[in-house]
1. Kindly indicate the residue of the stretch B:5-17 that is open to solvent by 40 Å² or more (accessible area, probe 1.4 Å) and closer than 18 Å to B:M126 by Cβ and also farthest from the other protein chains (Cβ to nearest Cβ) among those meeting that condition.
2. Taking helices (runs of 4 or more DSSP H) that do not extend beyond the stretch B:71-146, which have at least 3 residues that are surrounded by fewer than 18 Cβ atoms within 10 Å (Cβ to Cβ) and more than 13 Å from every other protein chain (Cβ to nearest Cβ)?
3. Taking interchain pairs and intrachain pairs at least six residues apart, which have beta carbon atoms under 7 angstrom, with the first residue in the stretch A:98-120 and within 14 Å of chain B (Cβ to nearest Cβ) and the second outside any strand (DSSP E or B) and of a type in the set (S, T, Y)?
4. Take the conditions without any contact (Cβ under 8 Å) to a residue 60 or more places away in the chain, open to solvent by 20 Å² or more (accessible area, probe 1.4 Å), under 26 Å from B:N24 (Cα atoms) and assigned to a strand (DSSP E or B) and apply them to B:V52. Does it pass?
5. Anything in the stretch A:13-30 that is surrounded by 18 or more Cβ atoms within 10 Å (Cβ to Cβ) and either farther than 23 Å from A:C107 by Cα or touching a Gly at 6+ places or on another chain (Cβ under 7 Å) (or both)? List them, or say none.
6. Collect the residues in the stretch A:1-20 that are modelled with pLDDT of 90 or more and either outside any loop (DSSP other than H, G, I, E, B) or away from every other protein chain (no Cβ under 14 Å) (or both), keeping them in residue-number order.
7. Six or more apart or on different chains, Cβ atoms under 6 Å: show the pairs whose first residue is in the stretch A:74-97 and more than 14 Å from chain B (Cβ to nearest Cβ) and whose second is of a type in the set (K, R) and open to solvent by 20 Å² or more (accessible area, probe 1.4 Å).
8. Being away from chain B (no Cβ under 14 Å) and either under 15 Å from A:Q354 (Cα atoms) or aliphatic (A, V, I, L, M) (or both) is the filter here; which residues of the stretch A:50-63 pass it?
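The values are calculated or read from the model by the stated rules, or taken from the named source; none is laboratory data. None of these values were measured; they are calculated from a predicted model. Glycine gets a Cβ as well: all are built from the backbone with ideal geometry, and neighbour counts include every protein chain shown. SASA here: full protein model, heavy atoms, side chains in, ligands and nucleic acids out. Shrake-Rupley method; radii C 1.70, N 1.55, O 1.52, S 1.80 Å.
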Amino acid sequence: MPLPVQLVSNPVLPVTCHAWNADFTQLAFSPNNNEVHIVKFDIKTGAFTKLFVLTEHTHTVTAIDWAPKANRIVSCAQDRNAYVWTYDGTKWNPTLVILRINRAATCVRWSPNEDKFATGSGSRLISVSYFEKENDWWVSKHIKKPIRSTILSLHWHPNNVLIAAGSSDFKIRVFSGWVKEVESKKPEATVWGTKMPFGELMAEFGTSELGGGWVHGVAFSPSGNKLAYVAHDSSIAVIDAENNKAISSIATKDLPYRCVAWLGETNLVAAGHDYAPISFTFNGSLVYGAKIDVPVKKEDKTATAMAKFRTMDTKGTTDSTAVGVEVDSTHQNAISEIRVLNGNTFSTVGNDGQLVIWP
Amino acid sequence: MSNTLSGYLKAIRSSLEAAFCVRNFASQVVERHNKPEVEARMSKELLLQPIVIAREKGEKCLIEGSINSVRISIAIKKSDEMEEVLVDRFSRFLAQRAEDFVILRRAPVKGYDVSFLITNFHSEEMKKDKLIDFIIHFMEEVNSEISALKLAVNSRARVVSGTFLRQFV
């Protein structure tokens, strides 16, 4: 049974992004404005209490990521800035990141070893940032070629070097984010390639021969040998690097997905404009699973004479469907982000201000 | 007449359901701006292919989508000159109050009578299904509104001319 929690109410605002801490007791999210809210969260009951509100950004916060081991949060916004927040025991302190981008930042992810992070932006580049101790700030290197439009989604490979990026120029690319200032040795060869200097394009895939769609979500499998992506042409695909980078894709009948995540090496879950997550399995080829949702039973509004006249007065019609504004799924609006907690449990946030935990 | 209307509206409804999948997208051309890309039209890759759904020559609907906004333009059927004047007055009446209407565009797109502009901010505040219901309902009602107006004009003309000519009887 999914556990829905109304994170934002009075007024109901979308939750644009969220991130969990190491033991899933705290949650950082942004209610579609320039603030980052940190709440203490109980996964079993869904009760939450507000701990901190971080207000350093001036425009909408687009992405948040929480590094579990180092306990640092990175947030990026449409004001072209990103901040790394560190906890000193009483409050969170921001450190400015010199991204050197001149358009909005769209997505941010810590690398698996948490020594660097990658930020996608509307300046048609990816900024890989690492900490420079001499000046006490975070500096960035840019990956530019051959990106031709805004980066919409990012994901790191578990080897701490490769980055998958989905962009609004309909392509998915795998780049090398190897930074010699933080890495101790050269990376070992993987199925994606052997030589990995910084910024090297390891692989590039289009979404379809007919053009395709904007790539809203990308995700490496836990081993890093498979890459899944979802695009605006309602397709979901998995690229199997071990199998000569073969693409197995499905054109679904659903509305486009916004995000995708792996639950293990063979199970995927994708969610988006259809308000409910869908499960898929990949065993050599991608197979559509099922919609994971328990329809919320609407209360039967009995058509009393009083109710009829009231709706005629306020809404100008006696049609009962015109009055009800509830959709019969757990999320009432599009889902914007998925985060995997552990095993098969994952959480989704959407434009209805809800966080839903799916066990 | 209504047998083609329901097919027409069903086609528009399914096209709108697909076109309304919009997301927040900051401008990649002007820094710190967030414009509806269907109006700005500065990056070709962010625009979807426009589609026209036509019931007949003078009654059609143009749906232009993009990554963060949708523009829907409707051409209302005008069978004679009286209806042309009435449709023009009706659409100007609506368009002048576009600010209160929220989703209405102040000027219709060239070749059409009414245009709606719906952005990701509207889809975050309002339910997508209800917005589509509203637009379909609007299209259903607008034809009957125009015929009612035409009847009202004709009957008023009859009354006025009768009263005027009575003085000569």
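1. B:R13
2. Numbers: elements: B:81-96, B:98-101, B:120-125.
Output list reads B:81-96, B:98-101.
3. A:I101/A:S123; A:N102/A:S123; A:R103/A:S123; A:T106/A:T150
4. yes
5. Once the filter is applied, which keeps residues that are surrounded by 18 or more Cβ atoms within 10 Å (Cβ to Cβ) and either farther than 23 Å from A:C107 by Cα or touching a Gly at 6+ places or on another chain (Cβ under 7 Å) (or both), the stretch A:13-30 yields A:L13, A:P14, A:V15.
6. The answer is A:C17, A:H18, A:A19, A:W20.
7. A:V84/A:R72; A:T86/A:R72
8. Answer for the stretch A:50-63, where residues must be away from chain B (no Cβ under 14 Å) and either under 15 Å from A:Q354 (Cα atoms) or aliphatic (A, V, I, L, M) (or both): A:L51, A:V53, A:L54.
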